[in-house]
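Heads up, the thing below is written out as C-alpha cells.
The numbers here are math on the coordinates, done by the rules we state, and not lab data. Keep in mind the model is a prediction, meaning the values are calculated, not measured. All Cβ positions, even for glycine, are placed from backbone atoms using ideal geometry, and neighbour counts span all protein chains on display.
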Amino acid sequence: MARIGVFVCHCGENIARTVDCARVAEALADHPGVEFSTDYKYMCSDPGQSLIKQSMKEHRLDGVVVASCSPHMHEKTFRKAVSAAGLNPFKCEMTNIREHCSWIHEDRAAATEKSTDLVRATVERVKYNQALSPITIPITPRALVIGGGIAGIQAALDIADAGREVVLVEKEPSIGGHMSQLSETFPTMDCSQCILTPRMVDVAQHPRITLHSFSEVDAVDGYIGNFDITIRKKARRVDEDLCNSCGACMQACPTRKIPSEFDAGLGTRTSIYVPFPQAVPNVPVIDEPNCLYLKSLARRRKSKKPARSRKPVCQRCVKACGPKAIDFQQEDRLVTEKVGAIVVATGYRLYDIGREQDEPGISGYGEYGYGKVPDVIDGLQFERLMSASGPTGGELRRPSDGKVPRHVVFLQCIGSRDPAKGMEYCSGICCMYTAKHVLLFKHKVHNGRATVFYMDIRAAGKGYDPFTRQAMEEPGVQYLRGRASELYRDGDVVRVLGVDTLSQEAVDIKADLVVLATAIRPQKGIQDLTRKLSVSVDHHGFMNEAHPKLRPVETATAGVFLAGACQAPRDIPDTVAMASAASSKVLALLSRDELEREPQVALVDTANCSGCFHCERACHYGAIEHEEIKDGQGRLIRVVARVNPGVCQGCGSCVAACLSNCIELQGYTDDQIFASIQAI
Amino acid sequence: MKELQDLARRLLLEGRVDIVIGYQQGPRGVRPSFVTRPEQADALIFDERCVHNLVTYLSPRRAHLAAWPRRAVVVKGCDTRAVAVLLRESHIDREDIVLIGLRCGGVHRSAEASGPLTAESVAFRCADCSIREPELVDHLLGDPRPAPPGNSRLAERIGQLESMSHEQRREFWNNEFSRCIRCHACRQVCPMCYCERCIADKTRPRWIESSAHLRGNTAWNMIRAMHLAGRCVGCGECGRACPVGIPLGLLNRKLAMVVDEHFDYRATDDPEVPGPLGSFRSDDAEEFIV
C-alpha cells in the first residue's frame, strides 16, 4: 500500500477564501493510500516546507501531493524539499487548486468539493509515479554565433573573453553588419565606425574566435551541448592566408561601376572588392556575376564550343597581385564545427517600398511611386550620404543631380504600424534615427529646413526623449503629426502631399530630398535558418523567444539563443544588452562539463514499436533515432524508434502520433493519466 | 491466366521470391493462394471474384509468413495504395517484394459471386476507381478491361447519414455496434492494422473494455477508425470480413472525406506523398484551435 502525504495550502487567503482547506485535507485522510493529510497557511514558506519534510520522516511517506498554486510557481520548490527529505523528487506532484479552483469559483461548497476531487486525482496519479533521475549529457564547450553584426560581435567577444571558444559565421565578406554603415549613433552622436571598428579588430585578433566570413550555415545536426554545424564557405576566389590587403587588385579591376551594397546603392565598387576600407577580414572577394573573366568562362561553358586558344579575358587582378593570392579555381567549401551552444544574431533588413515584394501579404507604396523617384531614399541611404566614409565623403548631396538639398522631408512609419502594407508592428528605432537625421542635416546644412511627418514619437530609452525634443526645437525644423498621401517628381523637386492632422490642414511641400524611415524586417532567408535550428518564427519572420518576459534571449530549442534584431526590431543599446545576455546564458551552459536535463522525456517501448516512424515525422526537434534490434547471432530483426533524451523536449507530439501507442512521456505516463481520470 | 501462372513459376524457379501470393479456386468461390513451389503455380487465377486485398499478407504482422520473407503478391490497382502506405510507414522494403499487377475491370462484392458484374454486385470501392492500370507494380498483366459498372450506394448512404441529426446518427451507430462480437476480424484482415500489440489487447491500462458490450464496442470501432484516418485506402475488407455485417466501410470512407477536406489528402499509390499525420504544412487548417 502506498504511503502518500497530502499537504493542502491556504496560500494566505488566496485559496482559503473560497476553498475549505481543512475539509479537503480531512476528506483525503480517509482515501486509500493516504497516510497523512494536513493543511497549512503557507506551504511554500520555510515552516511549511519543514512541515512536509518532518511529516515525510514521521510517517515514512513514499509520495507527496501538495495542493496549492500552479506547478509553474512552486513545483521546483516542493520537489527540492522532498528531495532534501530523501525521496525522489519526481514522487512529488502538485495539484493546482488556486488558478484551477479558488480564483475562478465563488461557491465555497462546490469549490471545496472540486478541490477534493482534483487532489484525489493527483493522489491516484502519484501512486504510479516512478522515481526518475536527471539525464546527463556531455557538452562541447564551444559556441557558434550566426551573424557578425554588432550583436554577433558582442556575443562572440563576451563568450571568448570568458574563456570559451567561439565560431563566428558571417555571410557577407566582412563583419560589421548594419552598424558599420551608420554615420552617427543616437542619442550621443558618437561616430558609429569609431566605436565599432575596434571591436571588429578585437574579433579578428582574438585567439579564441574562429571567423568564417563570406560563409553560411549549411546544416545543423545534434542537440544542446552537442551540435554539429556544417558551414558553407563561399568561394571568395582570394586566398585569405596569402592576401596582404594591399588593394592593388582593386586598383587594377576595370569593372568599376557596380552599385556598392555597403553604400546602399549610392556609391560604386569594382568587381574585386572589400566592402569598406575597415573591413574585417580585409581580404577582397570576387563578385562572380560581375567579373569579366568569370563571365567569359560562363559564356564559354554555355556555348559549349571547343576552347580555342585565345588571350585570356581580363585577369588584370591576377597580374596586379604580388603574393599571387587570386585563385579563380576556388569553389565553395564545406567545413564542420562542433559546438555546444548557438547564438543567432542575423539582424534585420529594411523594407523596400517597391512594387515587387518577396513575401505574400506585404505590399509596396504605389502612392510614393514604388521608390522610383531618385530623390526619395531610405534611412540607410541617408546614413551613407552623411557618413565621412560614404560616397560623397560626408557632404550631403542628393542622388539625382548632386545638389545640396535645402528642404528635406522625413517620413516616419513607412510600412511600420501599417496593417495595409502587411506590417502592423512598430519598428522601434525610426523615431530616434529620424531625429538623429534631422540634427545631422541641420549640422551640415545650417539654413536648411526639415519637415518630419510622424504618427507618434516613441522615444522611451535613456536620454531618448530629450534627444527627440532637441530635434523638434531646432530652428527650421517642423514636426507634423500626419502622413504623406502622395509623393511625385515635379521638375527638380519632390512634391509631398500630406495632411497635418493636428491643424486638420492639407500640406503640399516642395522638397529637395525625401527620407523614408522604412520598416525593419527580418533578414532574407531567416525561414531557412530557423528550420535548420528548429526555432519558430512569428508571422513576420521574427524569431520567437521562449518566454516574452522571463526567457527573452532563449528559444524553445534548448541550446539556441537569440541576440538583436532577429527577434524583433532593436536599437544598438538593446542589441548589445541582448547579446551580452545571450552570452551569459551560453556561458552558464558551457561552464559545466555535463548537462543535467529534466528527465520528463519520451521513451519508446521497443517491444511494441512497429517502426512506422510517424513519430520521426511528428518530432519538431529531430529527437527520434532508428534503433536496430538484432537476435543472438547479430541478425537484424527489426528497426524501431528510439528517443534521444538529449534532444527530446518532452512536448509529447510523438506520443500523440504513435499509432501503436508505444511511446510514453516519463512523468506523464498512460498509467498516471488513466489513474487520475478514474479518480474523478 | 497462363501469363500469370508462367510469371509466378518463373519467379519461383529463378529464386527471385520465396512465395507468390495470389488467388485460386476454393471450395466456395475464390480464396487466397500461397504458392511456394513452381508446380503449384497452375492453381493461380484472376477474375472478377478476386475481391480480396492480398497486400495484407505483406504486413510484417503475418508471422506465419515469416519463413518466406521475399514475397510476390498479385495486386489490383486499388491494392497498390495499401502497398504505398506500407512503404511510407517503413513496413516493407520495395526491394524485398515483387508486385504482380493485373488490369482490373472491377470485382464483385463477394468472392463467392457468379455471373457478370452488375451495378448491384460490384464492390463499393470500384465505384470511383482511378487506378485501373497500377503504376507501382513490377509486372503488369492481363488485357485492358472495360470500366466497372458504376454505383453510388456508398455515397448515398453517407449522404443519408450526414442528413441525420446527431441523435439519429448516434442511434444508427449504437444499433450497428451493439451487434459487434469483438472477434477483431476487421483488424486481422486490414493491411494497415500491423501494431505489434494492439491497443485492444492492452491491459495496463485497459483502454477498451474487452467484453462485447456497447460501450467497449463503440470505443473499439471508433478507435480503429481513428487509427485509420489518413491511412485507410478504402479497400473495404473490414466490412467484408465482419461476420455480423457492420458497415465499417461507411465509417472509414466518411473519415477519409474529412481528412481530404481538412488536409487535402486522399489515399494514393505514390509512397512519396507524406501522410497527413506525419506532415506539417503551414497552410494546414487549424480551426480546431480556439
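If R0 is 22 Å, the Cβ-Cβ spacing of A:ALA109 and A:ASP30 corresponds to a FRET efficiency of close to 0.70.
Considered as an equivalent ellipsoid built on the Cα gyration tensor, the stretch B:153-278 has semi-axes of 23, 20, 13 Å, the largest given first. The length gained on full extension between A:GLU505 and A:SER133, counted as 0.36 nm times the residue separation minus their Cα-Cα distance, comes to 126.8 nm.
Taking packing as the residue-averaged number of other Cβ atoms within 10 angstrom, the listed peptides A:247-259, A:436-448, A:269-281 run from highest to lowest as A:269-281, A:436-448, A:247-259.
Give me the angle, in degrees from 0 to 90, between the Cα long axis of helix A:572-590 and the longest principal axis of the Cα atoms of chain A, rounded to the nearest 10. Value to nearest ten degrees: 40. Distances between placed amide hydrogens fall under 5 Å for A:PHE561 paired with A:ILE342, A:VAL343, A:VAL344, all partners being 5 or more residues away or on another chain. Per residue of peptide B:190-200, the mean number of Cβ atoms on other chains within 10 Å of the residue Cβ is 4. Nearest 10 degrees, 0 to 90: what angle lies between the long axis of helix A:670-679 and the longest principal axis of chain A (Cα atoms)? Tilt of helix A:670-679: around 60 degrees. With R₀ set to 60 Å, the beta-carbon distance separating A:SER70 from B:ARG153 gives a calculated FRET efficiency near 0.65. Taking each of A:LYS127/A:LYS630; A:LYS80/B:LYS202; A:LYS257/A:LYS403; A:LYS80/A:LYS585; A:LYS234/A:LYS585 in turn, the alpha-carbon distance tops 25 angstrom for A:LYS127/A:LYS630; A:LYS80/B:LYS202; A:LYS234/A:LYS585. In this structure, A:ASP241 and A:GLU288 have a Cβ-Cβ separation that, at R0 = 30 Å, corresponds to a calculated FRET efficiency of about 0.90. Note on chain B: GNM, Cα springs under 10 Å; of B:GLU196, B:GLU133, B:GLU89, the largest mean-square fluctuation is that of B:GLU196.
Semi-axes of the equivalent ellipsoid for the stretch B:25-146, computed as √(5λ) from the eigenvalues of its C-alpha gyration tensor and ordered from largest down, come to 24, 18, 13 Å. Axis angle, to the nearest 10 degrees, between helix A:150-161 and the longest C-alpha principal axis of chain A: 60 degrees. Within the stretch A:588-618, list the residues whose amide N lies under 16 Å from a label point set 7 Å along Cα→Cβ of B:ASP96. Output list for this probe position: A:609-613. Can you pull a Stokes-Einstein diffusion coefficient for the stretch A:348-521 at 25 °C (0.890 mPa s), Rh from Kirkwood over Cα pairs, as a whole number of µm²/s? So the translational diffusion coefficient is about 151 µm²/s. Taking 14 Å as the cut-off, the amide N atoms of the stretch A:485-520 that come nearer than this to a point 7 Å along the Cα-to-beta-carbon line of A:LYS372 belong to A:487-490.
For the stretch A:425-512, the Cα-based Rg and Dmax, in that order, read 13.6, 43 Å. Under the simplified labelling scheme, the A:GLN600-A:TYR488 pair shows an inter-label distance of 6.3 nm, with each label point 7 Å from Cα along Cα→Cβ. If you wrap the protein assembly as shown in the convex hull of its Cα atoms and look at it from every side, the mean projected area works out to 54.5 nm².
The ellipsoid equivalent to the alpha-carbon distribution of the stretch A:1-160 has semi-axes of 38, 21, 13 angstrom, derived from the gyration tensor eigenvalues as √(5λ) and listed largest first. Note on A:ASP221 and A:THR336: the extension gain reaches 40.3 nm, defined as 0.36 nm multiplied by sequence separation minus the Cα-Cα distance. Relative to its residue count, the stretch A:598-679 spans a Cα convex hull of 101 Å³ per residue. Taking a ≥ b ≥ c as the square roots of the eigenvalues of the Cα gyration tensor of the stretch A:26-95, is the shape rounded (a/c under 1.5), prolate (a/b larger than b/c) or oblate? Taking the square roots of the gyration eigenvalues as a ≥ b ≥ c, the stretch A:26-95 is rounded. Taking the number of Cβ atoms within 10 Å of each Cβ as an exposure proxy, the fewest-first ranking of A:VAL343, A:VAL515 is A:VAL515, A:VAL343. Provide, for q = 0.08, 0.13, 0.16 Å⁻¹, the log10 of I(q)/I(0) from a solvent-free Debye sum over equal Cα point scatterers in chain B. For the requested q values the scattering log ratios are -0.36, -0.96, -1.42. Counting 0.36 nm for each residue step from B:MET226 to B:ALA119 and taking away their Cα separation leaves a gain of 35.5 nm.
Please tell me which of these pairs span more than 25 angstrom C-alpha to C-alpha: A:LYS41/A:LYS76; A:LYS233/A:LYS532; A:LYS41/A:LYS114; A:LYS171/A:LYS319? Distance filter (> 25 Å) returns A:LYS171/A:LYS319. If a spin label sat at a point 7 angstrom from the Cα of B:ARG70 along the line to its beta carbon, the backbone N atoms of the stretch B:85-109 nearer than 17 Å would be those of B:92-100. Divided by 2.2 N^0.38 Å, where N counts the residues, the Cα radius of gyration of the stretch A:248-331 comes to 1.18. Listed peptides B:237-244, A:192-199, A:608-615 appear in the order A:608-615, B:237-244, A:192-199 once ranked by packing, highest mean of other Cβ atoms within 10 Å at the front. The modelled label-to-label distance for the pair B:ASP6/A:ASP228, using points 7 Å beyond Cα in the direction of Cβ, is 5.2 nm.
Top mean-square fluctuation among B:ALA67, B:ALA212, B:ALA41, Gaussian network model of chain B, C-alpha springs under 10 Å? For chain B, modelled as a Gaussian network with Cα springs under 10 Å, the answer is B:ALA67. Each label was represented as a point 7 Å from its Cα along the Cα-to-Cβ direction; for B:GLU209 and A:LEU550 these points are 4.3 nm apart.
The mean number of partner chain beta-carbon atoms within 10 angstrom of a residue's beta-carbon across peptide B:221-234 is 1.
Geometric descriptor of the stretch A:210-275, per residue, is 126 Å³ (volume of the convex hull of the Cα atoms).
When +1 charges are put on Lys and Arg Cβ atoms and -1 charges on Asp and Glu Cβ atoms, the dipole computed for the stretch A:118-233 relative to its Cα centre reaches about 620 debye.
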